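Visitor: Below you will find the structure I want to go over with you.
What follows is calculated from the coordinates using simple rules that are stated; it is not laboratory data. In this text, all values refer to a predicted model and were calculated from it rather than measured experimentally. Reconstructed Cβ throughout: ideal geometry from the backbone, glycine too, with neighbour counts over all protein chains shown.
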């Protein structure tokens, strides 16, 4: 790490502090839950290794690798981007540039269910905005945000090509055609219920 | 051309990239620009062809051979295609036989104006308080186009200024997305710090994750700073701190000037490129109030002594070859990030200005009876990397740094202006003694090839006891990106290589990695060496003097002239150097030398701040072979 | 099984042809009933997959499995009426089928042999139910060349494509024809790129073939990003092999051995079908080394987009195929000269490729028989918006908008009036009523300020605000701008800001002038097609619907009642029955009234949420302009900058 100039409050004098100390790993015995999280992390990176192994032989497969990495991790945090950069011997600036260029890549974790309101023209002229407003109202979040319980992420999306069914709401991979503001509440409720069952099983 | 008598005669192969091949035969073409038939070289773009015909087309994103992406749209011209006038970016459109072009039609002028207005509508216009005031390309073009009001207004970006480092400040709010920084960093330097992040209106040109430059594998060379048309990238200015030191009666302020400052400072004050202004430089510094005005050329001579001994020692023992030069801090950091396996081969010599600082606070302090704590060492450098180097914790003893403040050529020029000195009217004065005495060898440190040339002059003497008759290794000069030659030392030919610009360094280092044998390698981070450093003057004009290799060549020629003009041309002949060894250091590579003049290096990795070590151990399929851990030299406390 | 020569290809065809023949309407005594279930994205999302499973179960229960087979098939285009099921023999067309209808369908149709009347298509105007697809007007008025196999074959079986004469053209060309001959035929056919500007496909092939550099590449642009356009998706879902075959033909003609299909990741079904198709083609040797025993090798790789509209532009697409940010670069050099990895590259879009096998089989003379002087063949359009029959149609070039919207499309929904059709998506313009009878082709569309684009048609009724629409498209392009060049990055932002001001009632009359000027400059100065065409929606609405802009700016009203800030909610006293529902719905207490008296809205208190509008049982609440707006006709002229080569295949 780089030494960094910090201004000392008392004297106003500039000094150079080596930030390296921040990175010193403190070894303590890890509790089981942490260990499991570590294992999970390790497994995911192992999966990512396979993906990189498979695709890095072909030229220009960065986007495919990023897609797969997002499938594995759910999103593309800085660590994952840097890891891909290192493994594929690509400058990390380039990886980050590609990730931030394409709207399907997310650098923020997403909720269990992503509600996507199609904002294609056909849907828009048939009232997609009202659906979006209803969702925002109901979940009390803004576009692009995730609910506090990490269940729902709300997004607007480009035309999904189901214009015949406009307006369209996509919940994860399920497409709901000719959706109305009323249906929104029903769909959200369904997913909530599903989540309740899932969490009580745990 | 006379060659050194010892044979074999140097065999020179010139490789590298992005440099014109002067022997190229050019075909001529004819085209019509603004109703006039003109001649141009085949392969030129419209912008160059117009320039050759005396017509200047304004542009912001274009850098010849480096950035030809046609993105700012300021250089638009009308090109007749199939009888229809279409607008094309002249920097990206090839000039071809018979083309009909209009560079200043009403439509062209209107659209150009709109483009600049749009850029200004998203630019923090603080011209009067801006560091680039009066040498800003955007300002110049806005003036040339006569923009008096901006029709288009709206949201303006408000991003925090990134300055948490000691060398370069990034102000995203002044960025016009010309991408010249990105191009020079990735295509010329091949460091790849910058990329466009996000898209559309939210695009920023930034290091990965928009981190501060201190957090990424940046080599701090500052080429991006001189490539920037506005004040979006600037050096970290410390003029005020130097003024403060000068005003403090308790402080004894010593200044040193790097070799290349003598040949570039004049440009800022209107002298033609390549003018040597050493005398006026010294006079100006005295008038600014520095207690002693010394020259880094002195410690350049000292560096040669140390490095030549190091070379001979390693040649003798066949140890850690090739010896890699270490006087360019940009290159040193480049090696620390990208070629850590070669850090052992890097010469342990500090760069000359650090040696200077260390000696000022010991030898000089002792001699003059000064308290080292009260001495402030200011270095005038062509370089932003030296700012970073000065901030390295290993460059100093305890809390005392070798060099306290590094000013770029630009900052010095600002101080001269602030003091109201009329540079032209200054008399020619001499450096103070003893640390202002230098040989010609020290001067040529400022351009590519100079270190090897200077070191060979001394090493030849040290190994044979005879002086070289011919001192000018023409073959080692010149601006080819990569030069290789054989020279004779200790009765055997040794193979030397010279690279400038880290893009060329990469080529050379990859060859070393592949197992090619060299004995002595000089690398300078900036194209052209220090004469092309990231701290040299910028002018904000369309000619891009600060980037052009032709201009750097002229500056290098001036350094050669300084060398020729000197009576002393070999470092070991410098009486002040002899004396410091007698009085203080003992001998080259002696204990005192090692303590004060030598340093060590830290492997930094390509991804500082990320640690995948834990993961790698367990399941890395194609792990790179494990290198033995880097050994720290013993003399470090 | 490998196909190494024409004989083996013929053998495949013969084996599967009976199935196809029956579907084509021949009574060939197959002794089999075939049920085709649409598996396009639209029908799938309306549970066509569940229907298929239930159908299989139900058939099993009745022991009908031997006599009835169920097939997936591609999009019929009649998406409004999906999920669609077709039964052969008889070409019986059932629409709006639900999973709960399956039992009855099996019981009545398959066991008893009677039609399920209530699931047959019912003509809204006549009220008559039509059993056979051939009698449905929506289909009768079309000419399906590109969509020839959609609904006819199972896209997941290469053999069915072969049974429809698939890959015979490729065999014939590889074994018997010279590249030059083929390119000549394509040139003579008059086929033009279906993705955007309509550059001559034959000339593009010729340019790429003429390059003396190897390797070369063939790229299929399947990055259909225009909102409201889904023809490419439907082709890939319904007939992927036609694209693969065409790419192989193109590769043979230009001298390439590797192809790439760049497909949107937002199209999971199309991606699936492509993967299956490529796998099957490789398996039987129609992709890979030495096709049909010749020394011609060809293989195809899939590359996914990741959500960037600009990647429809060919130079941006190439960047993205190489795994980079999809940023366009200036042309020349054209992709035909320097494309993927700096090598000559041929890029055509899906629909263009899908035309190729037909042209080569049927002959260019026949193909030229369709269309207008400058635009040959057919065009697939997707109909969406305020139109009764939304879906996918294919008509000869030169068909009028009136035929498309009112005849095939069934007219405007809800008894409203036609206002405009937007063609070409965010790159196109709005076409007002006065051009309804204009034959639709490349030249005419350009003339009136729009473009063909990929063929999306969004129908707008009087309920749509044209200023809001322009703002919507600008928001889209501004969001999708790659950020490389100044006019697109900053210019579209400033345009959008002006439009937002106008729709929020903050606009000034000077804004209209500045907006128009800036639109021209962004159009002229932008680096790629996205920026060059981004102002089209603004310019065309300014040209044909200036009165609406003026209403927003001068009178601060939105005549269509869309722009919230300008809503003018009033109660029609004639219609109001004083039920009081509106007053209950109003959150701010802006509505007051008494029994048997018309209610009133206090404009001072009203926050224009339109909750009352939704609640009123008598539609007595009016929104929109209360005043008449008078406009003087002042139109700007624009037709797009530069030549066609300057336009991207957006």
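Visitor: Count, for each residue of C:515-525, the Cβ atoms from other chains sitting within 10 Å of its Cβ, then give me the mean as a whole number.
Guide: 5
Visitor: Which FRET efficiency value, to the nearest 0.05, do you get for residue A:41 and residue B:164 by plugging their Cβ-Cβ distance into 1/(1 + (r/R0)^6) with R0 = 35 Å?
Guide: For R0 = 35 Å, the calculated efficiency reads 0.75.
Visitor: Sticking with this one: Let me see the pair-distance distribution of the range C:567-622: every alpha carbon pair, 5 Å bin width, integer percents in order.
Guide: 4, 25, 38, 25, 8, 0
Visitor: Would you mind calculating the gained length between residue B:561 and residue B:510 on full extension (0.36 nm times residue separation, minus the Cα-Cα distance), in nm to one decimal?
Guide: On the way: separation 51, 0.36 × 51 = 18.36 nm, distance 3.45 nm.
Full extension of this stretch gives 14.9 nm more.
Visitor: Determine, for B:263, B:79, the number of other Cβ atoms within 10 Å of each Cβ, and report the residues in order from fewest to most.
Guide: The fewest-first ordering by Cβ neighbours comes to B:79, B:263.
Visitor: Given 0.36 nm per residue, what is the gain on full extension from residue B:291 to residue B:341 after removing their alpha carbon distance, in nm?
Guide: Numbers: separation 50, 0.36 × 50 = 18.00 nm, distance 4.29 nm.
Gain on extension, residue B:291 to residue B:341, equals 13.7 nm.
Visitor: Would you mind getting me the FRET efficiency between residue B:492 and residue B:602? Use the beta-carbon distance for r and R0 = 35 Å, nearest 0.05.
Guide: 0.55
Visitor: Right, here's the next one. Quick check on the range C:538-582: what are the equivalent-ellipsoid semi-axes from the Cα gyration tensor, as sqrt(5λ), descending, whole Å?
Guide: 30, 10, 9
Visitor: Below 8 Å, C-alpha to C-alpha, sequence gap of six or more: please give me the relative contact order for the range C:378-461 in percent. Please list the in-between numbers first.
Guide: Working: 179 pairs, mean separation 31.0, N = 84.
The normalised contact order for the range C:378-461 reaches 37 percent.
Visitor: Also: Counting partner chain Cβ atoms within 10 Å of every residue's Cβ in C:317-330, what's the average? Show your work: numbers first, answer last.
Guide: Values: counts 0, 1, 3, 6, 4, 5, 15, 7, 13, 5, 8, 2, 5, 9.
Averaged over the peptide's residues, the number is 6.
Visitor: A follow-up question, please. Distance from the Cα centre of the range C:151-173 to that of the range C:547-574, in angstrom?
Guide: When both Cα centres are located, 55 Å separates them.
Visitor: Further, regarding this structure: Mind checking the angle between helix B:409-418 and chain B's longest principal axis? C-alpha axes, 0 to 90 degrees, to the nearest 10.
Guide: So the helix axis and the longest Cα principal axis differ by about 80 degrees.
Visitor: Roughly what would the spin-label model give for residue B:612 and residue B:367, points 7 Å off Cα along C-beta, in nm?
Guide: Label-label distance for residue B:612 and residue B:367, simple model: 5.3 nm.
Visitor: Relative contact order for the range A:88-178: what percent, with Cα pairs under 8 Å and sequence separation of 6 or more?
Guide: 34 percent
Visitor: Please compute the modelled spin-label separation between residue C:605 and residue C:302, points set 7 Å along Cα→Cβ, answer in nm with one decimal.
Guide: In this crude spin-label approximation the distance works out to 5.9 nm.
Visitor: Considering only DSSP beta bridges where both residues belong to the protein assembly as shown, give the percentage that are antiparallel (nearest 5).
Guide: 60 percent
Visitor: How many nm separate the modelled label positions at residue C:619 and residue C:176, each set 7 Å beyond the Cα in the direction of the Cβ?
Guide: According to this spin-label approximation, the distance is 6.2 nm.
Visitor: Still on this structure, I have one more. Please list, by residue number, everything in the range B:253-287 whose backbone N is under 11 Å from a paramagnetic label point 7 Å out along Cα→Cβ of residue B:419.
Guide: Residues B:255, B:281-287 fall inside that zone.
Visitor: Quick one: angle between helix C:268-283 and the longest Cα principal axis of chain C, in degrees between 0 and 90, rounded to 10, please.
Guide: For helix C:268-283, the angle is close to 10 degrees.
Visitor: Rank-order C:131-137, A:85-91 by packing density, defined as the average count of other C-beta atoms within 10 Å over each peptide's residues, highest first.
Guide: A:85-91, C:131-137
Visitor: What value, in deg cm²/dmol to 500, does the helix sum -39500 (n - 2.57) over DSSP H runs of n ≥ 4 give at 222 nm once divided by the residues of the protein assembly as shown?
Guide: Details: 51 runs with 515 residues, N = 1489.
That comes out to -10000 deg cm²/dmol.
Visitor: Wrap a convex hull around the Cα atoms of the range B:486-596, take a quarter of its surface area, and give that in square nanometres. All intermediate terms of the calculation are to be shown ahead of the outcome.
Guide: Values: hull surface 42.6 nm².
Averaged projected hull area, Cα only: 10.6 nm².
Visitor: Then there's this: Going 7 Å from the Cα of residue C:165 in the Cα-to-Cβ direction, what parts of the range C:21-43 have a backbone nitrogen less than 17 Å from that spot?
Guide: C:21-26
Visitor: Moving to a separate point now. Mind jotting down the distance between the C-alpha centroids of the range A:130-150 and the range B:65-84, whole Å?
Guide: 45 Å
Visitor: On to the next question. Take residue B:129, project a point 7 Å from its Cα along the Cβ direction, then tell me which residues of the range B:213-245 have their backbone nitrogen under 19 Å from it.
Guide: Only B:231-241 pass the distance filter.
Visitor: Now for a different question. By the gyration tensor of its Cα atoms, with a ≥ b ≥ c the square roots of the eigenvalues, what is the shape of the range B:161-236: rounded for a/c under 1.5, prolate for a/b over b/c, or oblate?
Guide: Cα axes put the range B:161-236 in the rounded bin.
Visitor: Expressed in nm to one decimal, what extension gain is obtained for the pair residue C:210 and residue C:565 from 0.36 nm per residue of sequence separation less their Cα-Cα distance?
Guide: My answer for the length gained is 122.0 nm.
Visitor: For the Cα atoms of chain C, what angle does the longest principal axis make with the long axis of helix C:201-210, in degrees from 0 to 90, nearest 10?
Guide: Helix C:201-210 sits roughly 50 degrees off the main axis of chain C.
Visitor: Taking 8 Å as the Cα distance limit and 6 or more residues as the minimum spacing, I'd like the relative contact order of the range A:31-108 as a percentage.
Guide: 26 percent
Visitor: Please list B:65-74, C:588-597 highest first by mean number of surrounding beta-carbon atoms within 10 Å per residue. Can you show the working numbers first?
Guide: Numbers: B:65-74: 24.3, C:588-597: 12.8.
Highest mean packing first, the order is B:65-74, C:588-597.
Visitor: Against the 2.2 N^0.38 Å scaling, with N counting residues, where does the protein assembly as shown land? I'd like the Cα-based Rg ratio to two decimal places. Could you put the intermediate results ahead of the total?
Guide: Details: Rg = 36.8 Å, N = 1489, 2.2 N^0.38 = 35.3 Å.
Against the empirical 2.2 N^0.38 Å value, I get 1.04 for the protein assembly as shown.
Visitor: How would you order B:177-189, B:293-305, C:16-28, B:105-117 from highest to lowest mean count of nearby Cβ atoms within 10 Å?
Guide: The packing order, highest mean first, is B:293-305, B:177-189, B:105-117, C:16-28.
Visitor: Please compute the Cα-Cα pair-distance distribution of chain B with 10 Å bins starting at 0, giving whole percents from short to long.
Guide: 3, 16, 25, 26, 18, 9, 3, 0, 0
Visitor: Looking only at other chains, what is the average number of their beta-carbon atoms within 10 angstrom of each beta-carbon in A:114-124?
Guide: Average neighbour count from other chains, rounded to a whole number: 6.
Visitor: If you don't mind, another one. Let me make sure I get this right: for the range A:106-162, a, b and c are the square roots of the gyration tensor eigenvalues over alpha carbons, sorted descending. Under 1.5 in a/c it's rounded, otherwise prolate if a/b > b/c, else oblate. Which is it?
Guide: oblate
Visitor: Would you please give the FRET efficiency between residue C:282 and residue C:132, computed as 1/(1 + (r/R0)^6) with r the Cβ-Cβ distance and R0 = 56 Å, to the nearest 0.05? Could you put the intermediate results ahead of the total?
Guide: Values: r = 39 Å, r/R0 = 0.69.
Plugging the Cβ-Cβ distance into 1/(1 + (r/R0)^6) gives 0.90.
Visitor: If eta is 0.692 mPa s and T is 37 °C, what Stokes-Einstein diffusion coefficient results for the range B:23-148, Kirkwood Rh from Cα pairs, in µm²/s?
Guide: D, rounded to a whole number, is 212 µm²/s.
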